[in-house]
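Visitor: Below are the structure tokens for one structure; questions will follow.
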Amino acid sequence: MRPYPEEVLRAIQSGIVTHFAPEIESNYGKAQFAFSMILFGVIQRDYDTAVPDLVDANKALRDLLASAATALAALDRDDARAARDAIAALPPPATALRLSALRSEHEALRVAVCTLTPLVEPAADVPELAPLTSVREQLFTWLSADAKRRIFPILTA
């Protein structure tokens, strides 16, 4: 029987605690050991919802990019055409529910978002980019929520 990845992580963590922890004598070593155990918790956190989380995130990014493509259609600029082409060239949604397939799709979507940055960032201040103002707000809201969801307090203090 092949163990699930989260079971392997727990087994590694248990083995480290059982075999290495008793050998650590310095306070510094103990603190570093405790921190590494916390990192194991970070790895395991939300592991069981990784697939639905990525499915939802990918759908949200695709919706944002579709709105961006619509807004970009109103702009007659080389950079806007390049951004539209980048969005149009995106691969289709992943059909497999494998983390690797969903992460690959997610990375491609984020790259497309990055191509929009030179247009979206100044949209609130440049009248010519006004069609992207709504996309800018939606994108910043999504990115902020994504960043907050990924925060792990001990790593950001």
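The values are calculated or read from the model by the stated rules, or taken from the named source; none is laboratory data. Please read these numbers as outputs of a predicted model, since none were measured by experiment. Because the Cβ atoms are built from the backbone with ideal geometry, glycine has one as well, and the counts that use them run over all protein chains shown. For the accessible areas, the whole protein counts, side chains as well, though only heavy atoms, and no ligand, DNA or RNA atoms are used. Shrake-Rupley method; radii C 1.70, N 1.55, O 1.52, S 1.80 Å.
Visitor: Please work out if Glu128 is of a type in the set (Asp, Glu) and under 29 Å from Tyr4 (Cα atoms). Steps first, answer last, please.
Guide: On the way: of a type in the set (Asp, Glu): yes; under 29 Å from Tyr4 (Cα atoms): no.
Against the criterion (of a type in the set (Asp, Glu) and under 29 Å from Tyr4 (Cα atoms)), Glu128 does not qualify.
Visitor: Another question, if that's okay. Among the residues of region 33-49, is there at least one that is open to solvent by 80 Å² or more (accessible area, probe 1.4 Å), on the phi < 0 side of the Ramachandran plot and either free of Cβ contacts under 8 Å to residues at least 12 places away in the same chain or over 27 Å from the mean Cα position of the chain (by Cα) (or both)?
Guide: Within region 33-49, the subset open to solvent by 80 Å² or more (accessible area, probe 1.4 Å) is 43, 45, 48.
Next, only the ones that are on the phi < 0 side of the Ramachandran plot stay: 43, 45, 48.
Narrowing the set further to residues that are either free of Cβ contacts under 8 Å to residues at least 12 places away in the same chain or over 27 Å from the mean Cα position of the chain (by Cα) (or both) leaves none.
The answer is no; no qualifying residue exists.
Visitor: Okay, moving on. Does region 122-143 contain any residue that is among the basic types (Lys, Arg) and loosely packed, with under 13 Cβ neighbours inside 10 Å?
Guide: First pass over region 122-143, keeping only residues among the basic types (Lys, Arg): 136.
If we keep only those that are loosely packed, with under 13 Cβ neighbours inside 10 Å as well, we get none.
Scanning region 122-143, I find no residue that is among the basic types (Lys, Arg) and loosely packed, with under 13 Cβ neighbours inside 10 Å, so the answer is no.
Visitor: Going through region 56-75 one residue at a time, which ones are part of a helix (DSSP H, G or I), of a type in the set (A, V, I, L, M, F, W, C) and surrounded by 17 or more Cβ atoms within 10 Å (Cβ to Cβ)? Explain how you work it out, then say what you get.
Guide: Within region 56-75, the subset part of a helix (DSSP H, G or I) is 56-72.
Applying the additional criterion that residues be of a type in the set (A, V, I, L, M, F, W, C) yields 57, 60-61, 64-66, 68-69, 71-72.
Those that are part of a helix (DSSP H, G or I), of a type in the set (A, V, I, L, M, F, W, C) and surrounded by 17 or more Cβ atoms within 10 Å (Cβ to Cβ): Ala57, Leu61, Leu64, Leu65, Ala68, Ala69, Ala71, Leu72.
Visitor: Pull up region 136-157, narrow it to residues that are among the aromatic types (Phe, Trp, Tyr) and modelled with pLDDT of 95 or more, then point me to the one that is nearest to Asp125 (Cα to Cα).
Guide: Filtering region 136-157 down to residues among the aromatic types (Phe, Trp, Tyr) leaves 140, 142, 152.
Subset that is modelled with pLDDT of 95 or more: 140, 142.
Details: Phe140: 15, Trp142: 20 Å.
Per the stated criteria, the residue is Phe140.
Visitor: Can you confirm whether Ser100 is among the hydroxyl-bearing types (Ser, Thr, Tyr), open to solvent by 60 Å² or more (accessible area, probe 1.4 Å) and part of a helix (DSSP H, G or I)?
Guide: Details: among the hydroxyl-bearing types (Ser, Thr, Tyr): yes; open to solvent by 60 Å² or more (accessible area, probe 1.4 Å): yes; part of a helix (DSSP H, G or I): yes.
Yes: the conditions hold for Ser100.
Visitor: Just to verify a result, which residue in region 76-91, among those that are at pLDDT 95 or above and not in a helix (DSSP H, G or I), is surrounded by the fewest Cβ atoms within 10 Å (Cβ to Cβ)?
Guide: Checked region 76-91; the qualifying residue surrounded by the fewest Cβ atoms within 10 Å (Cβ to Cβ) is Ala89.
Visitor: Which number in (1) part of a helix (DSSP H, G or I); (2) within 29 Å of Tyr4 (Cα to Cα); (3) open to solvent by 60 Å² or more (accessible area, probe 1.4 Å); (4) without any contact (Cβ under 8 Å) to a residue 24 or more places away in the chain marks the one condition that Asp53 misses?
Guide: In the conditions (1) part of a helix (DSSP H, G or I); (2) within 29 Å of Tyr4 (Cα to Cα); (3) open to solvent by 60 Å² or more (accessible area, probe 1.4 Å); (4) without any contact (Cβ under 8 Å) to a residue 24 or more places away in the chain, Asp53 misses (3) alone.
Visitor: What residue, among those in region 1-24 that are of a type in the set (Asp, Glu) and closer than 22 Å to Arg98 by Cβ, is nearest to the chain's Cα centre (by Cα)? Show your work before the answer.
Guide: Quick first cut of region 1-24, residues of a type in the set (Asp, Glu) only: 6-7, 23.
From what's left, closer than 22 Å to Arg98 by Cβ: 6-7.
Values: Glu6: 20, Glu7: 24 Å.
If we take residues in region 1-24 being of a type in the set (Asp, Glu) and closer than 22 Å to Arg98 by Cβ, then Glu6 is nearest to the chain's Cα centre (by Cα).
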